[in-house]
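The values are calculated or read from the model by the stated rules, or taken from the named source; none is laboratory data. All values derive from a computational prediction rather than experimental measurement. Because the Cβ atoms are built from the backbone with ideal geometry, glycine has one as well, and the counts that use them run over all protein chains shown.
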Ligand SMILES: [Zn+2]
């Protein structure tokens, strides 16, 4: 199945080219894997190449910095739009920790045979580690460091290492190789930046709760 984003792109492509080219593109796009985009942030959900991950992580981390340090009242960064929806600082803290946790998960998969990913207790960390009390400039720096650390590890992986697997719980329990883990991690970073930017652009916008919460949290960590 194509996502809405992919369908939109297809419609745009069809409008800008002749019918034969549009049909050919549609036929290629019918192969679902490379065309499926996240309907919320537009991230490709199944991207086989990881070479771009470190650079894209660095770019996204820089965007977090710009967002967190943009002029405006401090309160907007700490405000939850709804009790069960994280604030921009809480999202940023979560992303920083995701990057650190994913780095360790990759190391485990490189050493152990198909390890089971252990939950990071994402919901509990928000309070335990006081994400919402963070200084925005410090958190921005920490997120950049975490992105650099994860990116540096991914950049070192050869094809055999990228093919190593772990059992991952999201979106459903399945064995995933490290190519998938790298790309999925990049999606996490991009997706939550989208959440933060949307929240700050319109504090009253309807936002979806973090996916972990919506599904009940616990061992379904992404
Ligand atoms: Zn997304």
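Per-structure values
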{"item": "Some residue of region 81-90 being within 16 Å of the ligand (Cβ to nearest atom) and modelled with pLDDT under 65", "result": "no"}
{"item": "Residue within region 108-124 that is without any contact (Cβ under 8 Å) to a residue 40 or more places away in the chain, more than 16 Å from residue 168 (Cα to Cα) and in contact with a helix residue (DSSP H, G or I) (Cβ under 9 Å, 6 or more places away or on another chain) present", "result": "no"}
{"item": "Evaluation of residue 112 against (1) in contact with a strand residue (DSSP E or B) (Cβ under 7 Å, 6 or more places away or on another chain); (2) surrounded by fewer than 20 Cβ atoms within 10 Å (Cβ to Cβ) (one fails), failing number", "result": "(1)"}
{"item": "Qualifying position, being crowded, with 17+ Cβ neighbours inside 10 Å, in contact (Cβ under 8 Å) with a residue 12 or more places away in the chain and touching a strand residue (DSSP E or B) at 6+ places or on another chain (Cβ under 7 Å), among 105, 96", "result": "105"}
{"item": "Conditions (1) buried (at least 18 other Cβ atoms within 10 Å of the Cβ); (2) more than 16 Å from the ligand (Cβ to nearest atom); (3) over 25 Å from residue 154 (Cβ atoms); number of the one not met by residue 133", "result": "(1)"}
{"item": "Search result, residues across region 169-202 that are outside any helix (DSSP H, G or I) and under 29 Å from residue 65 (Cβ atoms)", "result": "170, 202"}
{"item": "Of the criteria (1) touching a helix residue (DSSP H, G or I) at 6+ places or on another chain (Cβ under 6 Å); (2) surrounded by fewer than 18 Cβ atoms within 10 Å (Cβ to Cβ), which one residue 90 fails", "result": "(2)"}
